[in-house]
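Just below is one structure, and these are the notes that go with it.
Values quoted throughout were computed directly from the atomic coordinates according to the rules given, and no laboratory measurement underlies them. This is a predicted model, so every value here is computed, not measured. Neighbour counts run over all protein chains shown; Cβ positions are idealised from the backbone, glycine included.
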């Protein structure tokens, strides 16, 4: 089956979480990450109730068979009573659009309430908060993300090594430190996270960042990663299936095989991974698609966009701008704005170009420069090139923009 998986969503009746407890969503979200130990509230204890645990297990079982709405109903009821495990799983549902409309702010509030408890998923909750802050466009969000990943590690969630390796490798929210990056990559590999092991193998193979290439070590780690990825994918890991799809699509460490790649992407997408939905749509359009296949690809892009996947939102916007596949230019700005809200730098470049030309929006070189700068700060090369182009054509623009910006200390984080 190559058609888009039917993953219906509905709005849940759950209330936004008590702002008095977790703070205004974008103002004080992240307070646990940035406050010192003395300022952190004592962790609340989880209530042990076999009946509640059985209902959560039931909800998780419903998610695994694609009954997203039914699972969300159960989790909503339990989360309304403040059960941390239900709060955690409902937060993931809002993050991914599983049975509810995707809402990253709601997900963040749920995770912020859950992380106050000392419970089995506390470290993973901190990790999810880190991932949400990674996707946020606020000035300090990547630094807050880094702190949440460190907390996840302190709370015995070793998957945090995966993201910490990326932060130190790319200098996101911190100075680039390849010694730290390699240490986290190795720890992630030892802990059994093959997606991170593949990244480590890539660096060893190519000698990226002025490191010394080591082909033998690269192939050793790649072999271990492939074994781990295939096992995790067959056990139902959407992320592992997506990574395998990318490896076979690109021909990394294996012979390139687009058919195998598409199969892995489809498996991951049907398990709810928005990145795989995006990649599957891309792969279908990259071939010589029929009209029916184009419709299927656009359905996958739409599902990924509804799950707030930045790449899907940005690429859909580009299709609108080019008026491809019967799409009109009218919807582009809304899609780019949503992509920027989840921190996608490619969208920052595209909207910056529209502001520079006054295309679909009122012309504003100041806004164009701000967006290009924001994308460049995230290491996006297209944004870097466009920022340099703006600075060459308008030499005073950078100083004018900097002079009108609000000092960082008075901005809300996130």
Note down the nm distance, to one decimal, between modelled labels 7 Å out along Cα→Cβ at residue 175 and at residue 190. 2.5 nm
What residues of region 327-355 lie in the reach of a label at residue 394, counting those whose backbone N is under 18 Å from a point 7 Å from the Cα along Cα→Cβ? 348-355
Region 158-233: C-alpha gyration tensor shape, a/c 1.5 cut-off, then a/b vs b/c: oblate
Need one number: the % of Cα-Cα pairs in region 51-154 sitting beyond the 16 Å mark. 55 percent
Taking the simple approach of a point 7 Å from Cα along Cα-to-Cβ for both residue 235 and residue 292, what is their distance in nm? 3.8 nm
Per-residue counts of other Cβ atoms within 10 Å, averaged by peptide: what ranking do you get for 194-203, 295-304, 323-332, highest first? 194-203, 295-304, 323-332
Report the paramagnetic label zone for residue 325: residues of region 258-275 whose backbone N is under 17 Å from a point 7 Å from Cα along the Cα-to-Cβ axis. 262, 265-266, 269-270, 274-275
Rg and Dmax of region 236-307, Cα atoms only, in Å: 11.5, 34
Label zone at residue 183 (point 7 Å along Cα-to-Cβ), backbone N below 14 Å, region 132-152: 150
Simple spin-label model, 7 Å along Cα-to-Cβ: residue 302 to residue 120 in nm? 3.9 nm
Rounded to whole angstroms and listed largest first, the alpha-carbon spread of region 309-402 along its three principal axes comes to 40, 24, 18
Tensor-based shape of region 153-292 (alpha-carbon gyration tensor, a/c under 1.5 rounded, otherwise prolate or oblate): prolate
With a ≥ b ≥ c from the Cα gyration tensor eigenvalues, square-rooted, and the rule rounded for a/c under 1.5, otherwise prolate when a/b > b/c and oblate otherwise, region 115-190 is oblate
